[in-house]
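One structure is given here, and the rest of the page talks about it.
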């Protein structure tokens, strides 16, 4: 926005005279985050949509030049819900191959019914006298249900090839009727056999994200470290509350020493299907917190129905190098699952699952927490959002004036009150802040010093002569 000359003046006119729009703001509970990643909506496109009663979801993707290697959870027979792992090759944005490369195991084995949630990583792995260059981690189970899930591994020397599975699960879970362990995501530690494996565990106590260090260089003596539960501090759900962690894919960015996770947000929507999220979130955390525990996630951005125009966005994967690192420190490419929802849903939602892709530019600038304000307007101006730059004491109110205020000389200001109605701050008024071209305006105010502050914010427009432009007020709770 183009900002005009600003003058400062303290205005303490009466509340009745100056009030134009009143907002009730829960400043410490943001709704969404942006700025660290700027999604390019023009890059949004459908990648893979098989015909018939076929589903595909939970992609993991390695990009090599113009060739995209994608593995996903996929049924092999139309109309039959039984998970295989499919490999899909995409060259120059065209699918040239798609087939099952890991089927459920023989009857009586631990992974005899479903195999799903693939994650592929490069290294050096010796198994049954053969050296392999790639490991594929996957969820498997032995029941026609969503429990007794465990994590296994298979090996190959060809990204496009079939896989030789290890006979036992790498991460085990008892058959106690609970979900178990799954949704693995692997990154290499040394380019050899040492790996960091991330996964979800659903047990009687909770559903949570974990990480464990592995050394699979010699599969006659695999080394499985002690699992550590990952923090959820900093994660934000679609309801603006602290969120839990599951169904996430992780890549490592060595340039920043940060791990980036793309994850499902919660709570699930109430409409059908009520077990699939509508939004996914990109978050990152420093390397020390992954190794030592604790720390807090930093929200980088959300992929929502408002961004994609798709009713459900879920089960996502980040494009990675073969070693599980971020290919380009300047961008994040997300492959995610789209599905239909009521009322535009006929049959099982699973058969509407298909894969989409979107790209976002990553930056190291200030991360901005943004509160959307919907349907708050009058005939003179609209206030549509409030943003908070992290690591600053600054809040910004964004809005747009109507055409009748164009070229008019106006003053814009604010006042902050606490919950008892006491004045916290009466702010500087800005002269001619409305942009002549697009009529947008941004009003900067200080963040209240009180912890967990809930404040009443008054925004007003006045003419040069002190005449009140509008007295209409609206209340909105955006906690």
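Read the figures in this text as sums done on the coordinates, not as results from a lab. Only a predicted model underlies this, so the values are computations on that prediction, with no experimental measurement involved.
Descriptive notes on the structure:
- Bridge orientation summary for the range 36-364: considering DSSP beta bridges with both residues in this region, about 95 percent are antiparallel.
- Distance histogram for the range 148-212 (every C-alpha pair counted, 10 angstrom bins, percent rounded to whole numbers): 20, 45, 28, 7
- Over all pairs of different C-alpha atoms, the range 115-175 has a mean inverse distance whose reciprocal, the Kirkwood radius, equals 12.2 Å.
- Remark: relative contact order (the range 156-215) = 23 percent; criterion is Cα-Cα distance under 8 angstrom and separation of 6 or more residues.
- Prolate/oblate/rounded call for the range 30-118, Cα gyration tensor, a/c under 1.5 rounded: prolate
- Stokes-Einstein translational diffusion, the range 36-364 - Kirkwood Rh over all Cα pairs, 0.890 mPa s, 25 °C, in µm²/s: 125
- Kirkwood-type radius of the range 146-265, with distances r between different C-alpha atoms, in Å: 15.7
- Three-way shape label, the range 78-214, alpha-carbon gyration tensor, a/c 1.5: oblate
- With distances taken between every two different alpha-carbon atoms, the range 191-257 has a Kirkwood hydrodynamic radius of 14.0 Å.
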